[in-house]
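The values are calculated or read from the model by the stated rules, or taken from the named source; none is laboratory data. This one's a predicted model, so the numbers in the text were calculated from it and none came from an experiment. Please note: Cβ atoms are built from the backbone with ideal geometry, for glycine as well, and neighbour counts cover all protein chains shown. These accessible areas exclude ligands, DNA and RNA; they are computed on the full protein's heavy atoms, side chains included. Shrake-Rupley method; radii C 1.70, N 1.55, O 1.52, S 1.80 Å.
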Amino acid sequence: MVITTEDSVIRLFVALILGAMIGYERQSQSKAAGLRTHTLVCVGACLCMIISIHIAMDAFFMYGYRNSDPERIAAQVVSGVGFLGAGTIMANQKARNVQGLTTAAGLWTVAAIGLVVGAGYLIEAITATVMILVVLTVFVQFDKILSLRHRNTYMLHIFMKNTVGQSRRLSAFLQDQNVRVEKFRVVSEEDESIVELEVLIWSNRRIAPSEIVGQLLALKGIMRAGCEVYQKDKQAT
């Protein structure tokens, strides 16, 4: 199949539009790779595919060479985009989590869309783009629902020394336990030597309340501590 100049230009513009659609969604969510990055990846992958086909066709028609493989450049694009996606992944060792995986997967998929467009399968590329946008927008709500369903919430009652250093120790302790603070309330007067706190925390893993209390009491400056499982019906009220 010979690709004319007009076909090449059309495919590049289609790749630009499809890549920009996905990139716009990522940039609206303040992700590391946004509009320009996704657009460039999609157009670049499309260009590589077009050039790869051109080289294969030229080798056949001009020199009669039948063993030219137009998929070689495309294969290098797929592996090469993996390094670009790795740049969007950030690992937070302190919080023990990884961010940017969805954006990295999006870049890899955008490159695939560019290759598909470059090969001339425009309907398939448009369909894939719509599906990706559905995953990035609609599936976010499902993700939140699943996260809430498996979330374990606890109410901490803490009596500790009222010092700046003690507050830092408590904050560092909660970070090390890989829990998120949802609410924080000071029950006692702020100028008292011993301050009473109510801290609402949640975690994706189930933790025994006695384990949390034991670790809190082992922390320097903690006078008393209590922990109870926070029921969902309490959260609703």
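Miscellaneous remarks
- Test: residue in region 166-181 that is on the phi < 0 side of the Ramachandran plot, open to solvent by 40 Å² or more (accessible area, probe 1.4 Å), of a type in the set (F, W, Y) and outside any loop (DSSP other than H, G, I, E, B): no
- Taking the criterion of being among the polar types (S, T, N, Q), open to solvent by 80 Å² or more (accessible area, probe 1.4 Å) and within 34 Å of the chain's Cα centre (by Cα), the only residue of region 182-206 that qualifies is N204.
- Here is the figure for region 26-43: residues that are under 11 Å from G106 (Cβ atoms) and part of a helix (DSSP H, G or I) total 5.
- Residues of region 133-163 satisfying the condition of being modelled with pLDDT of 80 or more, part of a helix (DSSP H, G or I) and surrounded by 11 or more Cβ atoms within 10 Å (Cβ to Cβ): L133, V135, L136, T137, F139
- Residues located in region 188-215, provided they are small (G, A, S) and modelled with pLDDT of 80 or more: S193, A208, S210, G214
- Residue in region 122-132 that is out of contact with any helix residue (DSSP H, G or I) (no Cβ under 9 Å at 6 or more places or on another chain), at negative phi, assigned to a helix (DSSP H, G or I) and in contact (Cβ under 8 Å) with a residue 12 or more places away in the chain present: no
- Cross-chain or 6+ apart pairs with Cβ under 9 Å, region 1-13 first and under 9 Å from G118 (Cα atoms), then modelled with pLDDT under 85: S8/H54; R11/I3
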